[in-house]
Amino acid sequence: MKTLDDVLVIGAGVMGIGIAQVAAEAGHRVFLFDAREGAAAQARDTLAAQLDQLVAKGRRSRAAADATLGLLTPVAQLRDAACAGLAIEAIVEKLEAKRGLLAELEGLLGDDAILASNTSSISITKIAAGLRRPERVVGMHFFNPVPLMRLVEVVRGLQTSDEVVRRVTEMAVAWGKTPVTALSTPGFIVNRIARPYYAEALMLLQERAAAPEALDACLRAAGFRMGPCELMDLIGHDTNFSVTTSVFEANFFDRRFTPSLVQRELVDGGLLGRKSGRGFYRYP
Ligand code: NAD
């Protein structure tokens, strides 16, 4: 098996840049790739600005911030990171896109690399099916924002090897995370439990029973760190909607997981939340 010293993160969106940051802070050499030209370099620039702010507030030393950025290299092609012993994909939540990417990675990284998916809901068994060595595919489901959230669901597909689960679990602990092993059931643990929470909030909005501000204020006052609407804006409505759709379909269209018309309207309109500047709320 290759060492996990070099990590390739694919997808430089909300999650990918967070995973890349945490890996670099733990001392790995990290390569960041995104299919959209310039996106990986742009994500690194955004991270540099965020680290500057932390340094200014005294929450990071200049040396630590520079070390993190020094370990993070945007790459224009996947083959530029062929040395990686671990690839973590955080691309769009679509089965075919993930399958296509992993097939390409299998050719590029060799037989000994671990291929991890940050999918929120898609079966690891399905993502791995058809690969030459499905036993080295595993879910590493981080939570948003990655640098702050400790939980990582380590998801075992039907063919994932014990050795691969052990190695990524140990690595997650070394990154300061709290790994929990989950089986590859639809939505795993957290997203299965969270679906009805989002669904009920979206239903209240659809019934015009409450405005987003009121819903968020209630749940915050009840002790949640964020209300459901601001949380969905943070996650991204496209991602949240894809996850619900995937859990719904994987549970044989169980009505409990029916996706929301309100959320589909937001996705259709490009109102994806923070990342697009507007969701339930507007962002500067
Ligand atoms: P995002 O839309 O912010 O970023 C996805 C990035 O992947 C984009 O920059 C896009 O250009 C890139 N991309 C798309 N297809 C690609 C391909 N074939 N090859 C390379 N790059 C490609 O999405 P996100 O919110 O970061 O979600 C990414 C993954 O993480 C999804 O599987 C999602 O379910 C999961 N996830 C998201 C959250 C969340 O809160 N947003 C939490 C946990 C897990």
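The values are calculated or read from the model by the stated rules, or taken from the named source; none is laboratory data. Just so we're clear, the structure is a prediction, and the values are computed from it rather than from any experiment. Cβ atoms come from the backbone with ideal geometry, glycine included; neighbour counts cover every protein chain shown.
Looking at segment 51-70, can you tell me whether even one residue there is surrounded by 23 or more Cβ atoms within 10 Å (Cβ to Cβ) and of a type outside the set (S, T, N, Q)? Scanning segment 51-70 turns up no residue that is surrounded by 23 or more Cβ atoms within 10 Å (Cβ to Cβ) and of a type outside the set (S, T, N, Q).
Could you tell me how many of the residues in segment 242-254 are surrounded by fewer than 22 Cβ atoms within 10 Å (Cβ to Cβ) and either modelled with pLDDT under 95 or of a type outside the set (D, E, K, R) (or both)? Spell out how you get there, then give the answer.
To start, the set of residues in segment 242-254 that are surrounded by fewer than 22 Cβ atoms within 10 Å (Cβ to Cβ) comprises 242, 245, 248-254.
Narrowing further to those that are either modelled with pLDDT under 95 or of a type outside the set (D, E, K, R) (or both): 242, 245, 248, 250-253.
Total meeting the criteria: 7.
Within segment 1-33, being more than 15 Å from the ligand (Cβ to nearest atom), in a strand (DSSP E or B) and not β-branched (Val, Ile, Thr) holds for ASP6, ARG29.
If a residue has to be acidic (Asp, Glu) and under 17 Å from PRO186 (Cβ atoms) to count, how many in segment 218-250 make the cut? Give the steps one after another, and end with the answer.
Step one: list which residues in segment 218-250 are acidic (Asp, Glu), which gives 230, 233, 238, 249.
Add one more test, that the residue is under 17 Å from PRO186 (Cβ atoms), and what stays is 249.
Selection size over segment 218-250: 1.
The set of residues in segment 110-129 being away from the ligand (no atom under 16 Å from the Cβ) and closer than 21 Å to ALA82 by Cα consists of GLY110, ASP111, ASP112, ALA113, ILE114.
Among residues of segment 83-103 being within 9 Å of the ligand (Cβ to nearest atom) and acidic (Asp, Glu), the one that is surrounded by the fewest Cβ atoms within 10 Å (Cβ to Cβ) is GLU93. If you filter segment 104-119 down to residues that are assigned to a loop (DSSP other than H, G, I, E, B) and modelled with pLDDT of 95 or more, you find that the one that is surrounded by the fewest Cβ atoms within 10 Å (Cβ to Cβ) is ALA113.
Given the conditions (1) touching a helix residue (DSSP H, G or I) at 6+ places or on another chain (Cβ under 8 Å); (2) free of Cβ contacts under 8 Å to residues at least 60 places away in the same chain; (3) within 8 Å of the ligand (Cβ to nearest atom); (4) among the charged types (D, E, K, R), report the number of the one that ARG36 does not fulfil. For ARG36, the exception is condition (1). Of the helices (runs of 4 or more DSSP H) entirely within segment 153-231, those holding at least 1 residues that are over 18 Å from the mean Cα position of the chain (by Cα) and under 18 Å from ILE127 (Cα atoms) occupy 162-174.
Taking the criterion of being near the ligand (Cβ under 7 Å from one of its atoms) and more than 15 Å from GLY273 (Cβ to Cβ), no residue of segment 234-253 qualifies.
Residues of segment 61-117 being of a type in the set (Lys, Arg) and in contact (Cβ under 8 Å) with a residue 12 or more places away in the chain, which ones?
Step one: list which residues in segment 61-117 are of a type in the set (Lys, Arg), which gives 62, 79, 94, 98-99.
Within segment 61-117, ARG79, LYS94, LYS98, ARG99 meet the criteria.
Of all residues in segment 39-58, exactly one satisfies the criterion of being charged (D, E, K, R), out of contact with any strand residue (DSSP E or B) (no Cβ under 8 Å at 6 or more places or on another chain) and within 16 Å of the ligand (Cβ to nearest atom), namely ASP45.
When only residues in segment 161-180 that are crowded, with 20+ Cβ neighbours inside 10 Å and aliphatic (A, V, I, L, M) count, which is farthest from HIS28 (Cα to Cα)? Filtering segment 161-180 for residues that are crowded, with 20+ Cβ neighbours inside 10 Å and aliphatic (A, V, I, L, M), the one farthest from HIS28 (Cα to Cα) comes out as VAL164.
Which residue is farthest from the ligand (Cβ to nearest atom), if the candidates are limited to segment 220-230 and must be without any contact (Cβ under 8 Å) to a residue 12 or more places away in the chain and of a type in the set (A, V, I, L, M, F, W, C)?
Taking segment 220-230 as the starting set, the residues that turn out to be without any contact (Cβ under 8 Å) to a residue 12 or more places away in the chain are 220-226.
Pick out the ones that are also of a type in the set (A, V, I, L, M, F, W, C) and you get 221-222, 224, 226.
Numbers: ALA221: 23, ALA222: 21, PHE224: 16, MET226: 12 Å.
Once the filter is applied, the top-ranked residue is ALA221.
When LEU151, LEU183, LEU234, LEU205 are screened for being surrounded by fewer than 22 Cβ atoms within 10 Å (Cβ to Cβ), touching a strand residue (DSSP E or B) at 6+ places or on another chain (Cβ under 9 Å) and in contact (Cβ under 8 Å) with a residue 40 or more places away in the chain, only LEU234 passes. Going through (1) touching a Leu at 6+ places or on another chain (Cβ under 8 Å); (2) more than 14 Å from the ligand (Cβ to nearest atom) one by one, ASP66 falls short only on (1).
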